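See below for the structure under consideration.
A short reminder: the numbers here are calculations on the coordinates, not readings from a lab. Computed from a prediction, not measured in an experiment: that's the story for all the values here. With ideal geometry, Cβ positions are generated from the backbone for all residues, glycine too; neighbour counts draw on all protein chains shown.
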Ligand SMILES: [Fe+2]
């Protein structure tokens, strides 16, 4: 049948305990041993010890063993070494240095979440009532892992690996710089961008709406203001609201809501954008550390 989602990621960090406390504050449910679950996606994050921060593993869920066999053929056709044990396939993309594990997994089923009633000019949908968001008093709980953004030292090679090999589809591109790729109906589940060293730029986690982004980020910043990176804003590519924070290892984490969804491939035309237009529609100015993370020189030195 098809690829249908990201299953889980494994992030290597120097200090697992400190980083785990951050992801607990972020709203992921701790399962023990550095593993975490989202509300709808189940176990989706594992933290493991590593000398420097990196994405060590990316899981992609498929429907059946025909998918695994087809992906194995495609990767072998590209000259990529594939390890296959039963219905699980493992291969490494050299450009991002990420181990990709393709396995049969159940699709995520998300309960329909009604949009909160809102008033507008000439439109009173919330009658004689205060906004429902005011009554939210429990911590934000991300619904699922949405996407991962990786720096690649060989963008064309990584595009071949993920598009022609694994089977991701292209949603939009920034010419010569980056590709927004999907393995589900989400506009992007993976962004591969040009970088001087293989690195994890950010992981992104879906929440219900822009109120949940605001509530989640402000709670994170109340606990530690140095976690702030960039937000609140709305992206241009993907359209989503965003707020980026930073974990103790230096990985950015994004709360997002209202991402474009591509349900019918025939009805979506991928765009080619220039870098200036592509980043955001509105929001605070982009901090330089978002474009070039503070530890970039250190990561390059280590590589
Ligand atoms: Fe993102």
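Things to note:
- The chain: most fluctuating residue of 114, 142, 284 per GNM, C-alpha cutoff 10 Å: 114
- Each DSSP beta bridge with both residues in region 145-243 is either parallel or antiparallel, and the antiparallel ones are about 80%.
- Residues of region 269-303 with amide N under 18 Å of the 7 Å Cα→Cβ point at residue 50: 293-303
- Between 0 and 90 degrees, the angle of helix 210-223 with respect to the longest Cα principal axis of the chain falls at about 90 degrees.
- Peptide ranges 39-48, 260-269 listed from the most packed, as the mean C-beta count within 10 angstrom indicates: 39-48, 260-269
- Arranged from fewest to most other beta-carbon atoms within 10 Å of their beta carbon, 220, 300, 1 become 1, 300, 220.
- Per-residue extension of 0.36 nm, minus the Cα-Cα distance of residue 15 and residue 90, leaves a gain of 24.3 nm for this segment.
- Antiparallel content of DSSP bridges confined to the chain, in %, to 5: 70 percent
- For region 141-204, average projected area of the Cα convex hull in nm²: 4.3 nm²
- Angle between the chain longest axis and helix 16-26 axis [Cα atoms, degrees, rounded to 10]: 40 degrees
- With both labels modelled 7 Å from their Cα along Cα-to-Cβ, the residue 218 to residue 2 distance reads 3.9 nm.
- Shape category assigned to region 27-175 from the gyration tensor of Cα positions, a/c cut at 1.5: prolate
- As a proxy for reagent exposure, ranking 246, 277 by other Cβ atoms within 10 Å from fewest up yields 277, 246.
- In a fully extended conformation the segment linking residue 66 and residue 104 would gain 12.7 nm over its present Cα-Cα distance, using 0.36 nm per residue.
- Note on region 1-77 and region 162-209: Cα centroid distance 15 Å, given to the nearest whole angstrom.
- Length-normalised contact order of the chain in % [C-alpha pairs under 8 Å, at least 6 apart]: 17 percent
- Spin-label model, residue 78/residue 269: points 7 Å from Cα along the beta carbon direction are separated by 2.8 nm.
- Between helix 65-77 and the chain: long-axis angle, C-alpha atoms, 0 to 90°, nearest 10: 60 degrees
- Rounded, prolate or oblate (a/c below 1.5 giving rounded, otherwise prolate when a/b exceeds b/c) for region 24-72 by Cα gyration tensor: oblate
- Length gained on full extension, residue 126 to residue 194: 19.9 nm, using 0.36 nm per residue less the C-alpha separation.
- Sum of -39500 (n - 2.57) over DSSP H runs of 4+, divided by residues of the chain (222 nm, nearest 500): -5000 deg cm²/dmol
- Within the listed set 120, 34, 271, the residue fluctuating most in the Gaussian network model of the chain (springs between alpha-carbon atoms under 10 angstrom) is 120.
- Among 84, 136, 107: highest mean-square fluctuation, GNM of the chain, C-alpha pairs under 10 Å: 136
- Using a Förster distance of 25 Å, the FRET efficiency for residue 226-residue 33 (Cβ separation, nearest 0.05): 0.40
- Stokes-Einstein diffusion coefficient of the chain, Kirkwood radius over Cα pairs, 20 °C, 1.002 mPa s, in µm²/s: 107 µm²/s
- With the convex hull drawn around the C-alpha atoms of region 1-95, the volume per residue stands at 119 Å³.
- For region 166-263, the square roots of the Cα gyration tensor eigenvalues, ordered a ≥ b ≥ c, give a/c of at least 1.5 with a/b no greater than b/c, which places it in the oblate category.
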